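Here is the structure we will look at.
The values are calculated or read from the model by the stated rules, or taken from the named source; none is laboratory data. This structure is a prediction, so every number in the text was calculated from the model and none was measured. Cβ: placed from backbone, ideal geometry, glycine included. Neighbour counts: every protein chain shown.
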Amino acid sequence: MSEHSTQAARFSTRCIHAGQAPDPTTGAIMTPVYMTSTFVQSSPGVFKDGYDYARSKNPTRTALEANLASLEGGKHAMAFSSGLGAMDCVLHQLRQGDHVLLSDDVYGGSYRLIDKIFRHHGLECTRVDMTNLAAVEGAMRTTTRLVWLETPSNPMLKVIDIAGVRRVIDKAAAGMKGGAADTTLGPLGTPLARPMYVVDNTFASPYLQNPLAHGADVVMHSCTKYIGGHSDLVAGALVTSDETLADRLRFAQNAAGAVPGAMDCFLMLRSTKTLHVRMQRHCENALAIARWLSEHPKVERVIYPGLASHPQHQLAMRQMRGGGGMISCVVKGGLPAARTMLERVKLFSLAESLGGVESLIEHPAIMTHASIPAPARAALGIDDGLVRLSVGIEDKDDLIADLERAIA
Ligand SMILES: *Cc1c(COP(=O)(O)O)cnc(C)c1O
């Protein structure tokens, strides 16, 4: 498929075709797995299409990056060996004294990267409930150079107004100045004159939400989740349409070196071919289960963006194309009741992570969010009776029967 026709194509067609063309040497329909660390040069410094060393560029990765850029409606994508590797690349754009504003319930590992590594290098960081735009405005500083949020969030599935935060940033950034440049530092030597706005789109996937279209500068994914989709790899990605940011991010991708191997790139390309079909079924199953849970006498509360009872349901339906595959619910009877349920499930597996074809269930207070002190957990609403489900693409009636047996 030509570049022009894939640009114009709809999402499901782009999942399968964007960035991929038959192999020019053999006509192989699948992008080959280029297991090579280097490329032969015809004369010193003369090589094909930028392929000199595989940390800098690998053809399997190039195909994946073009595919991911298309799925997010962006011009440039960079793939990484993990979601946190992608975030690390973003944080390298900042300098000592810069301030980072995070949404209050970001992924624990994202907070740890800033608080335990980049704070040590002089970054400042605060968190704010970004469902409240006035609070975001109040938290912006003249030194803020990165605004980072996740929507829907984990595990409370709070939905943040991506375009609303863009407006707040633009207003706050009006008077900001960049500071002195240091040309000896290469692309990163020019200080950012305004905050970079990054949305972690892991929970929604590009099928449900495209943050660039709502004003984000960069989209980040943990491809370990829905993009990989089969719980068999760890990877990350960044997508942007901003040329300057793309140059800076690509520079740091190569300089810091957290790139994925060719086999993982191949597996992701195989996965994105079914992203639309998987997401459709994740959403369909999750909506059925959320409705069923809402009517269950042993369930106190169900949190699912696709239900009218969700506090930001209207916003979710404007900003997303469906409710997603994640559900959180509070079971009556607190920790003992939740523990019994989690021990009794058979089809749902008791495990961390999410976004795979198989259904998972977990207890945030004891598992994924245990590192947050109890009072802070309580402030976020992470109750001891809270259970998080990553609804897979099995038959929904089998999934409901499994939950029924476990709750009863
Ligand atoms: C898993 C996850 C990450 C971290 O990604 P890794 O691939 O594990 O490094 C970041 N953000 C969200 C929302 C995640 O779920």
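Could we say that residue 185 is within 11 Å of the ligand (Cβ to nearest atom), in the same structural domain as residue 91 (by TED's automatic domain parsing) and free of Cβ contacts under 8 Å to residues at least 40 places away in the same chain here?
Taking the combined requirement at face value, the residue does not satisfy it.
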- Message: Cβ contacts < 6 Å: first residue within 16 Å of residue 110 (Cβ to Cβ), restricted to region 348-370; second residue of a type in the set (A, V, I, L, M) and outside any strand (DSSP E or B), any location; separation 6+ or different chain. Result?
- Response: 352/367; 364/382; 369/382
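Looking at region 70-85, can you tell me whether even one residue there is at pLDDT 95 or above, more than 21 Å from residue 215 (Cβ to Cβ), more than 18 Å from the chain's Cα centre (by Cα) and outside the structural domain of residue 353 (by TED's automatic domain parsing)? Spell out the reasoning first.
As a first pass, look at region 70-85 and keep what is at pLDDT 95 or above: 70-85.
Filter once more, keeping what is more than 21 Å from residue 215 (Cβ to Cβ): 79-85.
So of that shortlist, the ones also more than 18 Å from the chain's Cα centre (by Cα) come out as none.
No, because not a single residue in region 70-85 is at pLDDT 95 or above, more than 21 Å from residue 215 (Cβ to Cβ), more than 18 Å from the chain's Cα centre (by Cα) and outside the structural domain of residue 353 (by TED's automatic domain parsing).
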- Over region 213-226, the set of residues surrounded by 24 or more Cβ atoms within 10 Å (Cβ to Cβ), outside any strand (DSSP E or B) and more than 10 Å from the ligand (Cβ to nearest atom) is 216
- Task: List the number of the failed condition for residue 154; all other conditions in (1) touching a Phe, Trp or Tyr at 6+ places or on another chain (Cβ under 7 Å); (2) part of a helix (DSSP H, G or I); (3) farther than 20 Å from residue 214 by Cα hold.
- Result: (2)
- Please work out if residue 282 is assigned to a helix (DSSP H, G or I) and within 15 Å of the ligand (Cβ to nearest atom). yes
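For region 3-58, name all the residues that are hydroxyl-bearing (Ser, Thr, Tyr), in a loop (DSSP other than H, G, I, E, B) and over 21 Å from residue 276 (Cα atoms). I'd like the intermediate steps shown before the answer.
Start the filter on region 3-58 by keeping residues that are hydroxyl-bearing (Ser, Thr, Tyr), which leaves 5-6, 12-13, 25-26, 31, 34, 36-38, 42-43, 51, 53, 56.
Filter once more, keeping what is in a loop (DSSP other than H, G, I, E, B): 25-26, 31, 34, 36-37, 42, 51, 56.
Across region 3-58, the qualifying residues are 25, 26, 34, 36, 37, 42, 51, 56.
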- Output for Cβ contacts, cut-off 9 Å, separation at least six or different chains, first residue polar (S, T, N, Q) in region 371-398, second part of a strand (DSSP E or B) and buried (at least 20 other Cβ atoms within 10 Å of the Cβ), reads 390/326; 390/327; 390/360; 390/361; 390/362
- Message: Condition first: within 16 Å of the ligand (Cβ to nearest atom), closer than 30 Å to residue 210 by Cα, out of contact with any Phe, Trp or Tyr (no Cβ under 8 Å at 6 or more places or on another chain) and acidic (Asp, Glu). Can you find one or more residues in region 359-381 that meet it?
- Response: yes
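Before we move on, is residue 295 over 19 Å from the mean Cα position of the chain (by Cα) and exposed (fewer than 14 other Cβ atoms within 10 Å of the Cβ)?
When the stated conditions are applied, residue 295 passes them.
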- The correct count of residues that are buried (at least 19 other Cβ atoms within 10 Å of the Cβ) and either of a type outside the set (A, V, I, L, M) or under 15 Å from residue 402 (Cβ atoms) (or both) in region 307-330 is 9
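Can you name every residue in region 227-247 that is within 16 Å of the ligand (Cβ to nearest atom) and of a type outside the set (A, V, I, L, M)?
Going residue by residue through region 227-247, those that are within 16 Å of the ligand (Cβ to nearest atom) are 227-239.
Of everything in region 227-247, those that are within 16 Å of the ligand (Cβ to nearest atom) and of a type outside the set (A, V, I, L, M) turn out to be 228, 229, 230, 231, 232, 236.
Among 105, 88, which is the only one that is within 17 Å of the chain's Cα centre (by Cα), surrounded by fewer than 22 Cβ atoms within 10 Å (Cβ to Cβ) and in the same structural domain as residue 205 (by TED's automatic domain parsing)?
88
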- Task: Report, ordered by the first and then the second residue, all pairs with beta carbons closer than 7 Å, sequence separation of six or more or different chains, a first member in region 233-246 that is closer than 13 Å to residue 72 by Cβ and not assigned by TED's automatic domain parsing to the domain that holds residue 145, and a second member that is assigned to a strand (DSSP E or B) and more than 16 Å from the ligand (Cβ to nearest atom).
- Result: none
